[in-house]
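Undergrad: The structure's right below; bear with me while I get my questions together.
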Amino acid sequence: MPRSQPGLRIAMRHSLIWRPDRFKEQMQRGARLAEIELAEATVDEMRSVVHVITGTLKRSLHVAPNTYDGRSDKGRAQAGEDLRDVARPSMRDRTPIQAGSWVDYALYENARGGSHAFADLAFAALRSRKDEIIRSAFQRAAVAAR
């Protein structure tokens with residue numbers, strides 16, 4: 001390795017190739033991953049606080065694309081099927097996603113308020129973790145793109 005002498009400078013050259021299309025792709029991937037992970041964390045939190053009598057509502061909570069038709073969810077959940085993975089959103093699909101239950105009484109249970117407000121309680125619990133979930137998703141998207 002060459003030594004530096006008075007009046008002599010050793011310069012290292014670095015080149016940065018700017019690829020805006022790749023940057024945009026990484027940002028979109030990070031945003032989609034963050035969206036899915038926030039929705040999944042919301043469902044996990046809802047499942048942890050929802051009141052369980054028969055378990056139907058808890059088993060029916062899941063993430064799905066906005067186009068999902070959940071009319072069969074109640075029957076499937078009543079039969080004991082856990083719907084967590086029934087309609088997982090795709091990383092490639094840009095369709096908005098939703099988290100919750102398509103069981104008809106879910107809205108009424110949440111509207112009862114207090115300890116019955118499983119969705120409200122889940123959102124409140126996630127407020128302190130949302131930034132970390134988003135940061136983690138973008139970091140993993142950047143690492144995956146390398």
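Undergrad: Testing the spin-label approximation: label points 7 Å from Cα along Cα→Cβ at GLN139 and ASP104. State their distance in nm.
TA: Simple spin-label model gives 4.6 nm for this pair.
Undergrad: With θ set to phi - 60°, apply the Karplus curve 6.51 cos²θ - 1.76 cosθ + 1.60 along segment 85-100 and write out the HN-Hα couplings as whole Hz, x wherever there is a Gly or Pro.
TA: My calculation for segment 85-100 gives 10, 5, 8, 4, x, 8, 5, 7, 6, 9, 5, x, 10, 9, 10, x Hz in order.
Undergrad: Ranked highest first by average number of other Cβ atoms within 10 Å, how do 55-68, 125-138, 91-104 line up? List each step's numbers first, then the result.
TA: Values: 55-68: 19.8, 125-138: 13.6, 91-104: 16.1.
Going from most to least packed, we get 55-68, 91-104, 125-138.
Undergrad: Tell me which lysines have Cα within less than 27 Å of LYS24's Cα, excluding those fewer than 8 residues away on the same chain?
TA: Excluding near neighbours in sequence, the set is LYS130.
Undergrad: While we're looking at this one, here's another question. If the chain between ARG127 and VAL52 were fully stretched, how many nm would it gain, using 0.36 nm times the residue separation less the Cα-Cα distance?
TA: Values: separation 75, 0.36 × 75 = 27.00 nm, distance 2.41 nm.
Separation in residues times 0.36 nm, less the Cα-Cα distance, equals 24.6 nm.
Undergrad: Return the aspartates and glutamates within reach of LYS74: Cα separation strictly under 13 angstrom, same-chain partners fewer than 8 residues apart disregarded; answer none if there are no such residues.
TA: ASP82, ASP104
Undergrad: Here's another thing I want to ask about it. Would you work out the relative contact order for segment 38-144, in percent, from Cα pairs under 8 angstrom that are 6 or more residues apart?
TA: Working: 138 pairs, mean separation 34.9, N = 107.
It rounds to 33 percent for segment 38-144.
Undergrad: On to the next question. From the P(r) of the chain, can you give the percent of Cα pairs sitting at distances over 28 Å?
TA: On the way: 3949 of 10585 pairs.
Counting every Cα pair in the chain, those more than 28 Å apart make up 37 percent.
All of the numbers you see were taken from the coordinates with simple rules; none came from a lab. The shown structure was predicted, so the numbers you read here are calculated from the model rather than taken from an experiment. We place every Cβ from the backbone using ideal geometry, glycine too, and count neighbours over all the protein chains shown.
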